[in-house]
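Down below is the structure, laid out as structure tokens.
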């Protein structure tokens, strides 16, 4: 056996040129609780490029993966929400740093998977990196903007402060797998929520690559959980789940109304699809998206305290 | 190999005879026990079978609070939960018993009056068991006098590990006598027994000394109730039944937190000891957080949506 292998190698060497390398193909898996498991169901589905060429197989997440993701997100919520806003900002900035180091990979991915021009792909990756920096800056400023001291008719100090709502299920934009995903994910976790995101079904590879960035950026496991799969299969379970506190319907498409109805049964906060939904990566290029994607996932805590003598 | 005959009534014996008996037991195939437990834990229990298993598991729960910070109020809240685990759904069965420290027995008995749910009390200087014999017996008598229907005693692991089997045997027999009509569960604290062979020996010793149940752990030592340990104990009660016709119960306690864990234990009981053991009279699960998970899975099965812990009591 060994002899035969050697002789084949020498034969190839004799033809000139080094022996061919075996292709090292990546297994694209889910990102749950800081780990990269395959789908509990064992299923996967082929992912093709914009021109129809096979790129890789991605895990096809099941209802139970969604449940496990919610459990992981709930477990991570206590620690993540208790971090200081300043520290959360540092972690988000770290995501930008790590992403910056891998920008060539993400740009190439965007060209291959979505058929973007190299120029647009470069702009999209830059915008995605800048988005993390943008929300990293917001982490310790959102309380001043949304909270404050309220004038009340009595001898009391009255303060309001925004607090994270809890576990947020995010249906990421289907046609904007990197910048769109970043734009809906970063504001959710910036304020201390934890997220379960269903990524783009047709172009999920950028999300799994992003998960590798998140996993190496001091972001605690479970703060972000990424499920690759079909929105119609996963979203109803996430919408009806009583341990999900809020639902971002950006990538819900035609299901949005029905999902909002299901979410109402457990008083889940809902963010309806905005004007960016359906516009591709270009729709998310605005460098200053403001607080609009943070406020829907915050609760306002108001404290009364008697004025001293 | 059949296990030598063991009689129901604890008979007078000597350390020498006990040693010969316990060390004559066949050794446990450790790899085999782990593999069998692992194999059985992959059984798929779904839909109606799962619904039945959940209700059975709820009726087997010894709802436990054994904290230094226990208050009468907490014990009363736990008793209310024991009687009606889910106040919004009266079809949920009540739990097997409530398990508390001896000084909380009177409170629990008062709170459970009329529900038919028993009160189990840990006794004999739980959890270490390091106290003089008179103290252990007084502990037991007091709990029984206060109305405990079940006593969970701990064995003297130090004596067992040093080979003084007679001391362990006599202690169990004496506590059994002090129990009167109350059921006696003997806690082996398997996490401190080191080997599966010791678990098998301690199980047979406890059964022979008159224990009505053998229980894995106090819940204060890790590892607590692992599946292979429960497997070895179930084999011991099965062998004892084959030998004498007397059925002794098993109670894994500590570390069983999810419905999946509970169902794995039920599968183990069914496959190792047999379906006769699938009753709260012969199998209990000592747990505190397990009940909420069972209730959540029950809701999941009946409504089709996942419930959240916000909708259940904190206990």
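Within segment A:233-254, does at least one residue satisfy the condition of being assigned to a loop (DSSP other than H, G, I, E, B) and within 15 Å of residue A:32 (Cα to Cα)? There is no residue in segment A:233-254 that is assigned to a loop (DSSP other than H, G, I, E, B) and within 15 Å of residue A:32 (Cα to Cα).
Looking at segment A:213-250 only, could you name the residues that are out of contact with any helix residue (DSSP H, G or I) (no Cβ under 9 Å at 6 or more places or on another chain) and closer than 23 Å to residue A:105 by Cβ? Full working, then the answer.
Filtering segment A:213-250 down to residues out of contact with any helix residue (DSSP H, G or I) (no Cβ under 9 Å at 6 or more places or on another chain) leaves A:215, A:230.
Matches in segment A:213-250: A:215 only.
Evaluation of residue A:78 against the conditions (1) more than 14 Å from chain B (Cβ to nearest Cβ); (2) under 30 Å from residue A:136 (Cβ atoms); (3) free of Cβ contacts under 8 Å to residues at least 40 places away in the same chain shows that the sole unmet condition is (1). Taken over segment A:253-270, the residue count meeting the criterion of being buried (at least 17 other Cβ atoms within 10 Å of the Cβ) and within 13 Å of another protein chain (Cβ to nearest Cβ) is 5. Of all residues in segment B:56-100, those satisfying the criterion of being free of Cβ contacts under 8 Å to residues at least 60 places away in the same chain, assigned to a helix (DSSP H, G or I) and surrounded by 14 or more Cβ atoms within 10 Å (Cβ to Cβ) are B:72, B:75, B:76, B:79, B:80, B:82, B:83.
Among the residues of segment B:101-138, those that are in contact with a helix residue (DSSP H, G or I) (Cβ under 7 Å, 6 or more places away or on another chain), farther than 29 Å from residue B:168 by Cβ and assigned to a loop (DSSP other than H, G, I, E, B) comprise B:115, B:117.
The number of residues in segment B:158-174 that are more than 17 Å from the chain's Cα centre (by Cα), buried (at least 21 other Cβ atoms within 10 Å of the Cβ) and under 26 Å from residue B:105 (Cβ atoms) comes to 2. With respect to (1) farther than 24 Å from residue B:98 by Cα; (2) in a helix (DSSP H, G or I); (3) within 14 Å of another protein chain (Cβ to nearest Cβ), the lone exception for residue B:306 is condition (2). The number of residues in segment B:261-292 being within 14 Å of chain A (Cβ to nearest Cβ) and modelled with pLDDT under 95 comes to 1.
Can you say whether residue A:68 is at pLDDT 95 or above and over 21 Å from residue A:221 (Cβ atoms), as far as the supplied structure shows? Show your work before the answer.
Details: at pLDDT 95 or above: yes; over 21 Å from residue A:221 (Cβ atoms): no.
The answer is no for residue A:68.
Out of curiosity, is residue A:104 crowded, with 18+ Cβ neighbours inside 10 Å and at pLDDT 95 or above?
Details: crowded, with 18+ Cβ neighbours inside 10 Å: no; at pLDDT 95 or above: yes.
Criteria not met by residue A:104.
Taking segment B:139-174, which residues are in contact with a helix residue (DSSP H, G or I) (Cβ under 8 Å, 6 or more places away or on another chain) and not in a helix (DSSP H, G or I)? Full working, then the answer.
In the first step, residues of segment B:139-174 are kept if they are in contact with a helix residue (DSSP H, G or I) (Cβ under 8 Å, 6 or more places away or on another chain); the result is B:139-144, B:146-148, B:151, B:153, B:155-157, B:159-161, B:163-169, B:171-172, B:174.
Matches in segment B:139-174: B:146, B:147, B:148, B:151, B:153, B:155, B:156, B:163, B:164.
Checked against the criteria, residue B:301 does not count as over 16 Å from the mean Cα position of the chain (by Cα), surrounded by 22 or more Cβ atoms within 10 Å (Cβ to Cβ) and within 30 Å of residue B:84 (Cβ to Cβ).
The values are calculated or read from the model by the stated rules, or taken from the named source; none is laboratory data. Note that the structure is predicted; figures quoted are calculated from it, not measured. Every residue, glycine among them, receives a Cβ derived from its backbone with ideal geometry; neighbour counts consider all protein chains shown.
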